[in-house]
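**Q** I have a structure here, written as structure tokens, and I will follow up with some questions on it.
The values are calculated or read from the model by the stated rules, or taken from the named source; none is laboratory data. Just so you know, these numbers come straight off a predicted model, no measurement behind them. Here the Cβ positions follow ideal geometry from the backbone for every residue, glycine too, while neighbour counts run over all protein chains shown.
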């Protein structure tokens, strides 16, 4: 399921059915989380921080910001447990490189060697991730404004994350349970 969750953004539409059932379940979970996130009132508020400068890409920047707050959430991770988690993810994904979509497979060595999952906890790592949104976009040219907005509205964005996560966590656990009990 982990592989599907990680590659979901690189698997378009019905291509999901080209993967084994556990990967399909991960893709389904990721898409469910995306839909829940996009529809949540706290996410709409967080997007308003980035929308004037980045319009439709505001959601992608909020995803990075939420990853930062997830990585710094003391109820979920310590620095040591986040590092261990990131290493487990990379080791697990190493077993599925042949199944990875080409674009994800090309990016994965950088993700792993630079430990993106772990570095979300730092502002520096978050700044690099915001830059990654720009590199993968068709129309954006800079991420300095996004990082400035992240720092300027840090408390508001953290409050949005906390409000969102309080609702999202039980929903995600429920959906995960539903997906893992299906044949």
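**Q** Can you name every one of the helices (runs of 4 or more DSSP H) wholly within region 1-70 that holds 2 or more residues which are under 11 Å from the mean Cα position of the chain (by Cα) and touching a residue at least 24 places away in the same chain (Cβ under 8 Å)? Steps first, please.
**A** Values: elements: 2-7, 21-39, 41-54.
Output list reads 2-7, 21-39.
**Q** If a residue must be touching a helix residue (DSSP H, G or I) at 6+ places or on another chain (Cβ under 8 Å) and under 26 Å from residue 139 (Cα atoms), how many such residues does region 49-83 contain? Write out each step before concluding.
**A** In the first step, residues of region 49-83 are kept if they are touching a helix residue (DSSP H, G or I) at 6+ places or on another chain (Cβ under 8 Å); the result is 49-51, 53-54, 57-71, 73, 76-77, 82-83.
Remaining after also requiring under 26 Å from residue 139 (Cα atoms): 49-51, 53-54, 57-68.
The number of residues fulfilling the criteria is 17.
**Q** Any residue in region 87-106 that is more than 21 Å from residue 17 (Cβ to Cβ) sitting within a Cβ distance under 7 Å of a residue that is surrounded by fewer than 10 Cβ atoms within 10 Å (Cβ to Cβ) and at pLDDT 95 or above? List the pairs, counting only those 6 or more apart or interchain.
**A** So the pair list comes out empty.
**Q** Something else now. Do the conditions hold for residue 155, that is, is it under 17 Å from the mean Cα position of the chain (by Cα) and modelled with pLDDT of 95 or more? Break it down into steps so the answer makes sense when it comes.
**A** Details: under 17 Å from the mean Cα position of the chain (by Cα): no; modelled with pLDDT of 95 or more: yes.
Here the answer is no, as residue 155 does not meet what is asked.
**Q** Condition first: in contact (Cβ under 8 Å) with a residue 12 or more places away in the chain, surrounded by fewer than 19 Cβ atoms within 10 Å (Cβ to Cβ) and assigned to a loop (DSSP other than H, G, I, E, B). Now tell me which residues in region 115-129 satisfy that.
**A** Hit for region 115-129 is 115, nothing else.
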